[in-house]
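A short reminder: the numbers here are calculations on the coordinates, not readings from a lab. Owing to the predicted nature of the structure, the values given are computational and were not obtained by experimental measurement. Cβ placement follows ideal geometry from the backbone for every residue including glycine, while neighbour counts extend to all protein chains displayed.
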Amino acid sequence: ARTVTATVYDGWYHNRADACGGTYQHWGVSAAHPWLPCGARVRVTHGSRSLVVPIRDRCDCNSIDLSAGAAYRLGVPLDGVAKVRISY
């Protein structure tokens, strides 16, 4: 497991194609990562909350971008950033 910075996808991407051939759902549970393969599942932990999230897109960050649905379930602020632990 490693600690990374999590950000939240902008709602602008809702219903647009993702890098894995699907459609991004803003309130669904998914994430973007710069190098983990499409379909990989990672456990994201924020405080006492933990959630398994599929990688559905790419990002040009050095961390992880969460969908609003995943961020909400984890207690990550929807308009900010947070430190999370990811295990893959």
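Here are some notes:
- Ranked by the mean number of other Cβ atoms within 10 Å of their residues, highest first, the peptides 11-21, 53-63 fall in the order 53-63, 11-21.
- For the chain, the mean projected area of the C-alpha convex hull, equal to one quarter of the hull surface, is 4.8 nm².
- The H on the amide N of residue 59, modeled in the peptide plane, is under 5 Å from the matching H of 33, each at least 5 residues off or on a different chain.
- Stretching the chain fully between residue 48 and residue 10 yields a gain of 11.2 nm (0.36 nm per residue, less the alpha carbon separation).
- Among 74-83, 38-47, the peptide with the highest mean count of other Cβ atoms within 10 Å heads the list, and the full ranking is 38-47, 74-83.
- Antiparallel content of DSSP bridges confined to the chain, in %, to 5: 75
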